[in-house]
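Chemist: Take this structure first; my questions come after.
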Amino acid sequence: MNILILGSGGREHSLAWATLQNPKCDKLIVAPGNAGIAQIATCAQIDIENAGAVLALTEAETIDFVIIGPEAPLAAGVADRLRDAGLLVFGPSKEAARLESSKSFTKEICAAAQAPTAAYAHFTDAEKAKDYIRQQGAPIVVKADGLAAGKGVIVAMDEATALAAIDDMFGGAFGAAGAEVVIEEFMEGEEASFFLLCDGKTALPIGTAQDHKRVGEGDTGPNTGGMGAYSPAPVLTKALEKQALEEIIEPTLAEMARRGTPYHGVLYAGLMIKDGRARLVEYNVRFGDPECQVLMLRLGAQAFDLMHAAAEERLDQVSVNWAEDHAITVVMAARGYPGEYQKGSEIKGLEDIPADSGQMVFHAGTQAKAGGIIASGGRVLNVTARGATLQEARDRAYDMIERIDWPEGFYRRDIGWRALA
Ligand code: AMP
Ligand code: GLY
């Protein structure tokens, strides 16, 4: 099979890595890819949010199956256009992708599906939103309705912060994404992520994970795209998985199907767990980054078969071959991230780190230059390892980091602390 993966991050490097291990893969193209992906596959420089450009690439490369990594092409309707052209696609339609691209849409679906989630209200008027905040009091959560690159959520511990967030959002701080806001009840508890493959009818759990969103050790400092992750998430027990599946995921999929917009692809449910129950924080319509990297390391080549089965709507006929293992990924980022950072510093030592089914350095923001690898983004490398225990996986990942010579980079030394405590 000729396969095209869309995206350029560590997530897509791990998807490409798993796909290449599967004998069904005859040819793999990744667009646009990065320097790490270029070491294992052919990269094509196209605008992946332009459905016409993606379609032209699939024709030129006689592609059979397209796996869409990030949310932006999904929200832009790239999956719809490819399906209309008769291609096999892993990823939801534009309408189904609203589970991530519109917070108010997700709330509406949860209400119709009676899925447990935070109480909320939806506003298009700043003054009405502020009145509501004053009436509810803090802590309270203010969210820009649309896609805001992970920055559109303000968890306000006091009223003044919540009111200021309304001014920012209606003042255009998040562009069109902030012209509507959702205000939510603050939920306490421990967060974990639940990943499921969906084919419009069946939901197949493929793993759980927890990430570390804050930049600093001890979960301090500003939010990032994620500084590390591990799988499984011990807090998400089998009983909680079952409750989330029965009360949240399955009713959501049924409601999407009832509306004539069945959900296909991976559904990433962010859950808040308290007192033995899970409530939905949010949905994403793609794999998490860096959560995908730990899931791929654990699943290996079967990840491709499962995505293929999802695209062919035969998830009811497959099952996951589980191993009792653990995986962890530690993000190496450019100094200054998530604020201002320098690009172009050289990373050495990568070629001396053995890569196998138990350990892999996935590239996020890298570029090849003059025979070497340079940093070209904020999050740059995902040092990923597997082990019989989380401790073993973690020791292995930090040993790998020791061998990377990149003075301009930094990483958290405490990834996995919650699960190891
Ligand atoms: P989101 O972009 O929706 O994932 O939100 C980012 C983060 O904000 C989540 O991972 C949670 O840590 C936090 N958050 C979002 N909604 C709530 C809520 N209703 N209560 C508490 N924390 C929340
Ligand atoms: N790591 C969080 C996300 O991908 O949304």
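The values are calculated or read from the model by the stated rules, or taken from the named source; none is laboratory data. Not measured: the values here are computed from a predicted model. For neighbour counting, all protein chains shown are included, and Cβ atoms are generated from backbone atoms with ideal geometry for every residue, glycine included. Protein only, heavy atoms only, side chains kept; ligands, DNA and RNA dropped before computing areas. Shrake-Rupley method; radii C 1.70, N 1.55, O 1.52, S 1.80 Å.
Chemist: Restricted to segment 274-299, and to residues that are away from ligand 1 (no atom under 12 Å from the Cβ) and open to solvent by 10 Å² or more (accessible area, probe 1.4 Å), which residue is farthest from Phe194 (Cα to Cα)?
Modeler: Asp275
Chemist: Got a number for residues in segment 363-410 being crowded, with 22+ Cβ neighbours inside 10 Å and among the hydroxyl-bearing types (Ser, Thr, Tyr)?
Modeler: Residues that pass the stated criteria total 2.
Chemist: Here's another thing I want to ask about it. What pairs come out if I take residues in segment 29-40 that are part of a helix (DSSP H, G or I) and pair them with residues that are of a type outside the set (Val, Ile, Thr) and crowded, with 24+ Cβ neighbours inside 10 Å whose C-beta lies under 6 Å away, six or more apart or interchain?
Modeler: Listed by first residue and then by second, the contacts come to Ala35/His363; Gly36/His13; Gly36/His363; Ile37/His13; Ile37/Ala16.
Chemist: A follow-up question, please. Just to be sure I understand, how many residues within segment 48-64 are farther than 22 Å from Asn284 by Cα and touching a helix residue (DSSP H, G or I) at 6+ places or on another chain (Cβ under 9 Å)?
Modeler: Result for segment 48-64: 6.
Chemist: Here's another thing I want to ask about it. Inside segment 412-421, can you point out the residues that are open to solvent by less than 40 Å² (accessible area, probe 1.4 Å) and more than 23 Å from Ala323 (Cα to Cα)?
Modeler: Matches in segment 412-421: Arg412, Asp414.
Chemist: Among the residues of segment 195-223, write down those that are surrounded by fewer than 21 Cβ atoms within 10 Å (Cβ to Cβ), within 16 Å of ligand 2 (Cβ to nearest atom), assigned to a loop (DSSP other than H, G, I, E, B) and not charged (D, E, K, R).
Modeler: Within segment 195-223, no residue meets the criteria.
Chemist: Looking at Asp356 and the list (1) surrounded by 12 or more Cβ atoms within 10 Å (Cβ to Cβ); (2) closer than 18 Å to Gly10 by Cα, which single condition is not satisfied?
Modeler: Status for Asp356: all satisfied but (1).
Chemist: Additional query: Could you list, in sequence order, all residues of segment 255-264 that are open to solvent by 20 Å² or more (accessible area, probe 1.4 Å) and touching a residue at least 24 places away in the same chain (Cβ under 8 Å)?
Modeler: Matches in segment 255-264: Ala257, Thr261, Pro262, His264.
Chemist: I would also like to ask the following. Can you tell me which residue among Ala156, Ala179, Ala192, Ala162 is over 20 Å from the mean Cα position of the chain (by Cα) and either within 15 Å of ligand 2 (Cβ to nearest atom) or open to solvent by 40 Å² or more (accessible area, probe 1.4 Å) (or both)?
Modeler: Ala179
Chemist: Right, next: Looking at segment 224-241, which of its residues are more than 10 Å from ligand 2 (Cβ to nearest atom), surrounded by 14 or more Cβ atoms within 10 Å (Cβ to Cβ) and not in a loop (DSSP other than H, G, I, E, B)?
Modeler: Answer for segment 224-241, where residues must be more than 10 Å from ligand 2 (Cβ to nearest atom), surrounded by 14 or more Cβ atoms within 10 Å (Cβ to Cβ) and not in a loop (DSSP other than H, G, I, E, B): Tyr230, Ser231, Leu240, Glu241.
Chemist: Name, by its number, the condition in (1) modelled with pLDDT of 95 or more; (2) among the charged types (D, E, K, R); (3) within 15 Å of ligand 1 (Cβ to nearest atom) that does not hold for Lys213.
Modeler: (1)
Chemist: May I ask you to list the residues in segment 125-147 that are of a type in the set (Val, Ile, Thr) and either under 19 Å from Thr261 (Cβ atoms) or more than 28 Å from the chain's Cα centre (by Cα) (or both)?
Modeler: Within segment 125-147, just Ile133 meets the criteria.
Chemist: Being among the hydrophobic types (A, V, I, L, M, F, W, C) and in a loop (DSSP other than H, G, I, E, B) is the filter; apply it to segment 341-356 and report the residue that is farthest from Asp399 (Cα to Cα).
Modeler: For segment 341-356, the residue satisfying everything is Ala355.
Chemist: Let me ask something else about it. Take Ala309 and decide whether it is loosely packed, with under 15 Cβ neighbours inside 10 Å, under 24 Å from the mean Cα position of the chain (by Cα) and small (Gly, Ala, Ser).
Modeler: Answer is no for this residue.
Chemist: Oh, and also: Evaluate the following for Leu267: is it assigned to a helix (DSSP H, G or I), in contact with a Phe, Trp or Tyr (Cβ under 7 Å, 6 or more places away or on another chain) and either open to solvent by 10 Å² or more (accessible area, probe 1.4 Å) or of a type in the set (A, V, I, L, M, F, W, C) (or both)?
Modeler: For Leu267, the condition - assigned to a helix (DSSP H, G or I), in contact with a Phe, Trp or Tyr (Cβ under 7 Å, 6 or more places away or on another chain) and either open to solvent by 10 Å² or more (accessible area, probe 1.4 Å) or of a type in the set (A, V, I, L, M, F, W, C) (or both) - is not met.
Chemist: Now for a different question. So, in segment 41-79, exactly how many residues are out of contact with any Pro (no Cβ under 9 Å at 6 or more places or on another chain) and in a helix (DSSP H, G or I)?
Modeler: 13
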